[in-house]
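Enquirer: Structure in structure tokens, see below.
All of the numbers you see were taken from the coordinates with simple rules; none came from a lab. What you are looking at is a predicted structure, and each value in this text was computed from that prediction instead of being measured. Note: ideal-geometry Cβ built from the backbone for every residue, glycine included; neighbour counts use all protein chains shown.
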Amino acid sequence: MDKPPLWQSRISNLAADRHSDGLAVFSLSGVRTWLRPSAVIGDYLPILIQVVIALGFAGGALLFSVIIGRVGKKNAVKETPYECGVLIDPLVAQPRFSVKFYLVAMLFILFDIEIVFMYPWAVVYRDFLAGHGPDGIVILVSMLSFVGILLVGYVYAIKKGALDFKG
């Protein structure tokens, strides 16, 4: 007789039993895990408290501003659009931002995040060298390959003209 697939045999081995004291026993291939429902809920209690406090603060701030705040008088001058010291003519279409602006912003975020990852690596590398000596070449080579990939991406962006605003 053919054996059932491995996934099917694993699923058939999964059993959940409830005991009179509220414990749930999960058994998968002979490994038993005991869970108390109150322990699982207790693990998420700090998160629930934080969500309730955050929602309460946001709702309270909105309610406080509605109760305490006063409504100003509206007039045509106050309702006109005003942006950076220039009155906007509603009949003239506003120019669009160049795609290059967004591309530069994304490149900045990309390379900035990579630098954020490099700083903790430098701290760990220094500690690793203090404890292991010459074995640090392995993690140095891994970081150099990481920097090499970043350098290839940077050269590619320059070749494509991502940082050139003339065109």
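Enquirer: For segment 49-165, what does the alpha-carbon gyration tensor say about shape, rounded, prolate or oblate, given a ≥ b ≥ c as the root eigenvalues, a/c under 1.5 as rounded, and a/b over b/c as prolate? Present the calculation step by step, with values, prior to reporting the outcome.
Expert: Numbers: a/c = 5.27, a/b = 1.62, b/c = 3.25.
Oblate, since a/c reaches 1.5 and b/c is not below a/b.
Enquirer: Let me ask something additional. Would you work out which of Leu150, Val92, Gly161 lies farthest towards the positive end of the dipole of segment 48-167? Charges go on Cβ: Lys and Arg +1, Asp and Glu -1.
Expert: Result: Val92.
Enquirer: Where a Cα-Cα gap under 17 Å defines reach, which lysines qualify for Lys100, not counting those fewer than 8 residues away within the same chain?
Expert: Reachable lysines: Lys159, Lys160, Lys166.
Enquirer: Also, quick follow-up: Using θ = phi - 60° and the Karplus relation 6.51 cos²θ - 1.76 cosθ + 1.60, list the HN-Hα couplings for segment 148-155 in order, rounded to whole Hz, with x at every Gly or Pro.
Expert: With the stated coefficients, segment 148-155 comes to x, 5, 4, 5, 4, x, 5, 5 Hz.
Enquirer: Another question, then. I need the phi-derived Karplus couplings for segment 158-163: 6.51 cos²θ - 1.76 cosθ + 1.60, θ = phi - 60°, integer Hz, Gly and Pro marked x.
Expert: 5, 4, 6, x, 5, 9
Enquirer: Oh, and also: Between Val138 and Leu91, take the C-beta separation as r, use R0 = 45 Å, and let me know the FRET efficiency to the nearest 0.05.
Expert: Numbers: r = 66 Å, r/R0 = 1.46.
Taking R0 as 45 Å, the efficiency between Val138 and Leu91 is 0.10.
Enquirer: Order of Val124, Val77, Val104 from fewest to most other C-beta atoms within 10 Å?
Expert: Numbers: Val124 11, Val77 7, Val104 15.
Ascending Cβ contact count within 10 Å gives the list Val77, Val124, Val104.
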